[in-house]
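The values are calculated or read from the model by the stated rules, or taken from the named source; none is laboratory data. On a predicted model such as this, the values are computed, not experimentally measured, just so you know. All Cβ positions, glycine included, derive from the backbone under ideal geometry; neighbour counts span all protein chains shown. In case anyone asks, the SASA skips ligands and DNA or RNA and just uses the protein heavy atoms, side chains included. Shrake-Rupley method; radii C 1.70, N 1.55, O 1.52, S 1.80 Å.
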Amino acid sequence: MPIRYFKSDPGQYVLVHRRGRLVRHGPGLAFWYLPHTTVISVVPTVNLDVPFVFRETTANFQEVSIQGLLTYRLSKPLAIAERFDFTYDAVRRRHVGDDHDKPAQRLVNAIQAATRGAISGMPLEAALVGVSELAEGLAATVNAAPDLEELGVRIERLHFNHVAATPEMRKALEADYREGLQRRADQAIYARRAAAVAEERKIRESELETDVELEKRRRDLVEMQAENGLRLAEAEARADELKLNPYAQMPSQALVALALKEWAANAGNIGNLNITPDMLAQLVGWVGAARQ
């Protein structure tokens, strides 16, 4: 009758049954046993990761696919071993059957039920962006379930890695989003053009105001020049009037004499002077008559 040796890992809680009775249990056990009278059960006590994917329906009757990762731990090995079969094949180093996967499936089902309650109250757009934020609250809700707490099945971490709509709805949302981006781009272009037109209008108004100011200054300059010219003409006329006023009091003969004197003083500058006999006779007669 062969005797075999079994050594478990530190993260394994081992239960040894002999002839239907639990004779030994604990983490990381090593022992000799008789295969035909001994049944070994191994409950993992380390954190275990379980990926999951399920589909749910939103408040506006749109289907979404939710993909995530669940990390859980079996904190009460004895309690969980009483409810599920963790029989272990010590030779092949694996569990017998698939009953050991049922706690993980139960957790996934509980997560799906809690997620369904949240998703059913959300429209599609809110579900696509808001489901990932629900993970922490859903994990706390599932951990508070009495049956799971009794078994010592506890969620350590819960992540929703991907939330997606159906391909047809995703294309529709992408098209709507692209249209929204295009509208915002068009609005930005229109705003930029409007700003450019406004700036150009300001520049034109500034140029016009500058031209108006220049014309006003030019008008003022012209008016000032005209006024100055008028004053200068009036001053020159007054000066001429003052110069000529004494001559107005003199007799004509005296004026003629002064003129002749001026001619005589400037005789050197006079090229030719023709005085006819008739002119001289009249002049002498006119001066003589003035003396009488």
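Data for the structure
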item	result
So V64, is it modelled with pLDDT of 95 or more and in contact with a Leu (Cβ under 8 Å, 6 or more places away or on another chain)	no
Among (1) assigned to a helix (DSSP H, G or I); (2) within 26 Å of N60 (Cα to Cα); (3) among the hydrophobic types (A, V, I, L, M, F, W, C) - the single one A104 does not satisfy	(2)
Unmet criterion (only one of (1) open to solvent by 100 Å² or more (accessible area, probe 1.4 Å); (2) under 30 Å from S75 (Cβ atoms); (3) part of a helix (DSSP H, G or I)) for D147	(1)
Hits in the stretch 73-118 - residues which are open to solvent by less than 40 Å² (accessible area, probe 1.4 Å), under 16 Å from G152 (Cα atoms) and among the small types (G, A, S)	A79, A81, A104, A110
So E241, is it assigned to a helix (DSSP H, G or I), farther than 29 Å from G117 by Cα and at pLDDT 85 or above	no
The stretch 40-72, residues that are surrounded by 15 or more Cβ atoms within 10 Å (Cβ to Cβ) and farther than 24 Å from G117 by Cα	I40, S41, V42, V43, P44, T45, L48
The lone exception for E179 - which of (1) surrounded by fewer than 11 Cβ atoms within 10 Å (Cβ to Cβ); (2) among the charged types (D, E, K, R); (3) closer than 30 Å to F54 by Cβ it fails	(3)
A110 part of a helix (DSSP H, G or I), closer than 30 Å to Y5 by Cα and touching a helix residue (DSSP H, G or I) at 6+ places or on another chain (Cβ under 6 Å)	no
The stretch 113-143, residues that are assigned to a helix (DSSP H, G or I), in contact (Cβ under 8 Å) with a residue 24 or more places away in the chain, touching a strand residue (DSSP E or B) at 6+ places or on another chain (Cβ under 8 Å) and not aliphatic (A, V, I, L, M)	T115, R116, S132
Residues that are part of a strand (DSSP E or B), under 60 Å from the mean Cα position of the chain (by Cα) and not β-branched (V, I, T), drawn from the stretch 1-25	Q12, Y13
